Amino acid sequence: MYNGLLRSFLITPAAFAAVFLLFAPSWSADWEVSPCVEIIEEYNDNILFFSKGQELDDFVTYVRPWVEAKYSTDRLRMFLNSGLEREIYVDYDELNTTNHDHKLVLSYGLSRTLGLRAGGYFREDTTLETELIEEGLLVDREDRRKFGGSFGFNYAFSTFLSCSADWTRRYTEYPDDPVELNDRANDTLKLAPSYVLSPQTSLFLNLIYTNTEYDDEGDTSIANYDIRPSFRHDFGEAFYVSGGAGYRYTEHESKNADEQDEHTDGFVFNLLFHRDWERVSMELLASRTQYSSADRRSVERHMLTLRGTCRLSDRFRSSLVATFRRNRVDKGTDNSDYYTVSPAFSYDLTPTITLSGSVNYSEYVYKDINNADRERFRARLFLNFTWPRLWRG
């Protein structure tokens, strides 16, 4: 079933793209294609993020070719990002794999007040690294495919009042059928009316419904309702604050006899401070949100991230990212904390070639399980070849 849905989500945006490109010459279109290749050499002292005393270390090579394409007319905008990544391990070559990441986004202005947008994506990856990076949750390494599509619109009632709405459907499947992980489908509906209070301040009301259905024996489903009034205030071109606070209500249901349906609720929020100076940029992010995890659990996630960059010269830059995530399970235990610290540098060898380096320390702490904590150190060297607007018209 999912393979047929995958073809539908990819073929539909591709058909739109083909039609628009066919008639492009008559629309005075602006387009560009920018290819890129990145090579990464990494030392990793715990490649599978095992607990202390069971670590496996290795040298890993990543080769990442990808391409970005943009196309625009007075009404139409298209963006394509497509690439793959080859992971090569020196000692544990059974872990060698190829990841894919492809995304297409379309937007079209029907009038001055009404705009439409649609998109589709396909990703093939492994759960261990992706769940840690994106969600701060530890999951055993398994091959995974994710694909989906979205449709939305925005409508301006006046200069000050507007409204946007989006529907997104995502599918996740595991080709090796692991015992602890199940295929799932996820729907997200978002409605966000907004009001421009002043040239510097905008107000929003985010109404979000998310439903995740798992393909397990109990037909487990997790539905979450989120209402969050939000704002953004610009103190200047280089300094702004945005955020919101509200309430979430979550329903966890299953047909398994040993699992009881459960309803939970809680306070949710998000906050962002961003400030740029002449050579320095800093960003502080904090949030508390709900997430339906890969292993059929509703998790309340607390996140705090500090990012900073410093331009030491026209070619040389340094940065630091520090993140803390606290995960609390609505139903059951396995609560955890996840810490990461990563300083980095980059140097432009030429206008198209950049040399970068970073070190990363991570620690994962289980709050309810003794002697299961784990930590990891990684050192990386990047060589990036980019040809911006190599083809354009």
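Separation of region 162-219 from region 315-393 is 25 Å, based on Cα centroids. Only protein heavy atoms count here; on that basis, with a 1.4 Å probe, residue 369 has an accessible area of about 70 Å².
With the convex hull of the Cα atoms taken as the outline of region 132-198, the averaged projected area works out to 6.6 nm².
Between residue 315 and residue 129, the modelled label-to-label distance comes to 2.9 nm, taking each label 7 Å out from Cα in the direction of the beta carbon. Sequence-ordered 3J(HN,Hα) estimates for region 92-105 from the Karplus curve with 6.51, -1.76 and 1.60 and θ = phi - 60° stand at 9, 5, 5, 8, 4, 7, 10, 9, 10, 8, 9, 8, 10, 10 Hz, glycine and proline given as x. Here is the result for region 290-393: no chymotrypsin sites (Phe, Trp or Tyr not before Pro) lie in DSSP coil with at most 12 other C-beta atoms within 10 angstrom of their C-beta.
Length gained on full extension, residue 141 to residue 98: 14.1 nm, using 0.36 nm per residue less the C-alpha separation. Annotation note: trypsin sites (Lys or Arg not before Pro) in region 65-147 located in DSSP loop regions with a Cβ neighbour count of at most 10 within 10 Å are 112. Gain on full extension, evaluated as 0.36 nm per residue between residue 61 and residue 197 minus their Cα-Cα distance, stands at 43.9 nm. Taking every alpha-carbon pair under 8 Å whose residues sit at least 6 apart, region 151-236 reaches a relative contact order of 23 percent. The simple spin-label model puts a point 7 Å past each Cα toward its Cβ; for residue 158 and residue 77 those points are separated by 2.5 nm. Our helix-only sum for the chain, with -39,500 (n - 2.57) per DSSP H run of n ≥ 4 divided by its residues, gives a mean residue ellipticity at 222 nm of -2500 deg cm²/dmol. Net charge of the neighbourhood of residue 38, taken over other residues with C-beta under 14 Å away and scored Lys/Arg +1, Asp/Glu -1, is -3. Within the same chain, lysines fewer than 8 places from residue 331 are excluded, and of the rest, those with a Cα less than 19 Å from its Cα are 255, 367.
Its relative contact order, with pairs defined as Cα atoms under 8 Å and 6+ residues apart, puts the chain at 12 percent. Placing +1 on the Cβ of every Lys and Arg and -1 on the Cβ of every Asp and Glu, with no other charges, gives region 264-379 a dipole of roughly 80 debye about its Cα centre. Here's the list of lysines a cross-link from residue 70 could span, going by alpha-carbon distance under 29 Å and ignoring same-chain residues fewer than 8 apart: 103, 146, 190. Working note: Karplus 6.51/-1.76/1.60 with θ = phi - 60° gives region 157-174 the couplings 6, 7, 4, 9, 10, 8, 8, 10, 9, 9, 10, 10, 10, 10, 10, 10, 9, 10 Hz, where Gly and Pro are set to x. Close amide-amide hydrogen proximity is noted between residue 138 and no other residue 5 or more places distant or on a separate chain, at a cut-off under 5 Å (H modeled in the peptide plane; Pro and chain starts excluded). In sequence order, region 201-210 has phi-based couplings of 10, 10, 10, 9, 10, 8, 10, 10, 10, 10 Hz under the Karplus curve 6.51 cos²θ - 1.76 cosθ + 1.60, θ = phi - 60°, and Gly or Pro positions carry x.
The label-point distance for residue 216 and residue 276, in a model that sets each label 7 Å from Cα toward Cβ, rounds to 4.6 nm. Shown here: the chain, whose C-alpha atoms stretch 63, 53, 47 Å along the first, second and third principal axes, sorted largest to smallest. Across the options 192, 242, 264, the greatest Cα extent toward the positive end of the charge dipole of region 168-292 (unit charges at beta carbon of Lys, Arg, Asp, Glu) belongs to 242.
Using the average count of surrounding beta-carbon atoms within 10 Å as a protection proxy, the listed peptides 34-40, 210-216 rank, highest first, as 210-216, 34-40. Normalise the Debye intensity by I(0) for region 71-180, one equal point scatterer per Cα, no solvent, then take log10 at q = 0.11 Å⁻¹ and round to two decimals. After summing over all Cα pairs, the log10 values are -0.53. Rolling a 1.4 Å probe over the protein chains gives residue 247 an accessible area of about 100 Å². Within region 155-197, the chymotrypsin sites (Phe, Trp or Tyr not before Pro) that combine a DSSP coil assignment with at most 13 other C-beta atoms in a 10 angstrom radius are 157, 160. Given q = 0.13, 0.28 Å⁻¹, what are the Debye log10 I(q)/I(0) values for region 304-363, with equal point scatterers placed on the Cα positions and solvent ignored? Result of the Debye calculation: -0.49, -1.09.
The values are calculated or read from the model by the stated rules, or taken from the named source; none is laboratory data. Just so you know, these numbers come straight off a predicted model, no measurement behind them. So basically every Cβ, Gly included, is an ideal-geometry build from the backbone, and we count neighbours across all protein chains shown. With ligands, DNA and RNA removed, areas are computed over all heavy atoms of the protein, side chains included. Shrake-Rupley method; radii C 1.70, N 1.55, O 1.52, S 1.80 Å.
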